[in-house]
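Colleague: Structure in structure tokens, see below.
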Amino acid sequence: MQMFHKANPDVVNSEIHELCTPLVVASLNDSNDCFKYLAEVADVSAKHLMYKVICRASSEESSMERVRILLDCGVNPNSYDAVTLFEGPPILCAAKRGWKNLVGILLSFTAEIPGIEWTIDGVMEHVSSELFQQTDQEQGTKRVCALKDRMLRALKDKNYLAADIICKGK
């Protein structure tokens, strides 16, 4: 990756169908070395970066390691794409997965959300509430419809890579 980056320095910030950068792709794979390298050289201001790392991780430990890398590189966990991708704050994504340790890490970096007791248990209880569950399900339905439309546009444009990435979007 380092040799490729030296030969093509602008590629680390390129986007695939306005959805995915090489760093986001690296978050889908197991190489923390590659992920760390890209996090250090790429523009880490993508709104959906922290959310993707948390939602796509296979384990809390993996997610925690990558979240620490992102925080060290200056990623703002208060930045997420609520409009295009219908995402919520990364801390709520971690809580929905039941990852208390990660919620604990993000708690001090995330702006307080009104109506939530700003403790690990308070955040965990919030995502377990019936009101949150209902709202989250509605947002999930909207997100699936929006991503389906984007995927169909990508297929129509014969942009199969983008369609595949969108199809796998979480």
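The values are calculated or read from the model by the stated rules, or taken from the named source; none is laboratory data. Bear in mind that the values here come from a model prediction, so they are computed numbers and not experimental data. Positions of Cβ are backbone-derived with ideal geometry, glycine not excepted, and every protein chain shown enters the neighbour counts.
Colleague: When the residues of segment 130-170 are filtered to those that are touching a helix residue (DSSP H, G or I) at 6+ places or on another chain (Cβ under 8 Å) and among the basic types (Lys, Arg), which remaining residue is surrounded by the fewest Cβ atoms within 10 Å (Cβ to Cβ)?
Modeller: Top of the filtered list is Lys170.
Colleague: Restricting the first residue to segment 54-68 and requiring it to be among the small types (Gly, Ala, Ser), which pairs with a second residue that is surrounded by 13 or more Cβ atoms within 10 Å (Cβ to Cβ) and assigned to a helix (DSSP H, G or I) meet a Cβ separation below 6 Å and a spacing of at least six or different chains?
Modeller: Close Cβ pairs (under 6 Å, with a partner that is surrounded by 13 or more Cβ atoms within 10 Å (Cβ to Cβ) and assigned to a helix (DSSP H, G or I)) amount to Ala57/Ser63; Ser63/Ile54; Ser63/Leu102.
Colleague: Select from segment 97-144 the residues that are in contact (Cβ under 8 Å) with a residue 24 or more places away in the chain, in contact with an Asp or Glu (Cβ under 7 Å, 6 or more places away or on another chain) and farther than 18 Å from Ser79 by Cβ and list them in ascending order.
Modeller: Selection gives Trp99, Asn101.
Colleague: Return yes when Glu112 is surrounded by fewer than 14 Cβ atoms within 10 Å (Cβ to Cβ), over 18 Å from the mean Cα position of the chain (by Cα) and outside any helix (DSSP H, G or I) and no when it is not.
Modeller: Judged against the criteria, Glu112 is a match.
Colleague: Now, a different point. Could you check segment 145-167 and list, in sequence order, the residues that are free of Cβ contacts under 8 Å to residues at least 60 places away in the same chain, under 20 Å from Thr21 (Cβ atoms) and not hydrophobic (A, V, I, L, M, F, W, C)?
Modeller: Selection gives Arg153, Asp157, Tyr160, Asp164.
Colleague: Looking at this structure, is Val44 modelled with pLDDT under 85, part of a helix (DSSP H, G or I) and of a type outside the set (Lys, Arg)?
Modeller: So Val44 fails the test.
Colleague: Suppose the filter is touching a Phe, Trp or Tyr at 6+ places or on another chain (Cβ under 9 Å), farther than 24 Å from Asn32 by Cβ and outside any loop (DSSP other than H, G, I, E, B); does Arg153 pass it?
Modeller: Criteria not met by Arg153.
Colleague: Can you go through Val75, Val127 and tell me which one is under 16 Å from the mean Cα position of the chain (by Cα) and buried (at least 17 other Cβ atoms within 10 Å of the Cβ)?
Modeller: One residue alone meets the criteria, Val75.
Colleague: Residue check: is Thr119 touching a helix residue (DSSP H, G or I) at 6+ places or on another chain (Cβ under 8 Å), at pLDDT below 90 and farther than 18 Å from Lys36 by Cβ?
Modeller: no
Colleague: Select, from Val83, Val11, Val25, the only residue that is hydrophobic (A, V, I, L, M, F, W, C) and modelled with pLDDT of 70 or more.
Modeller: Val25
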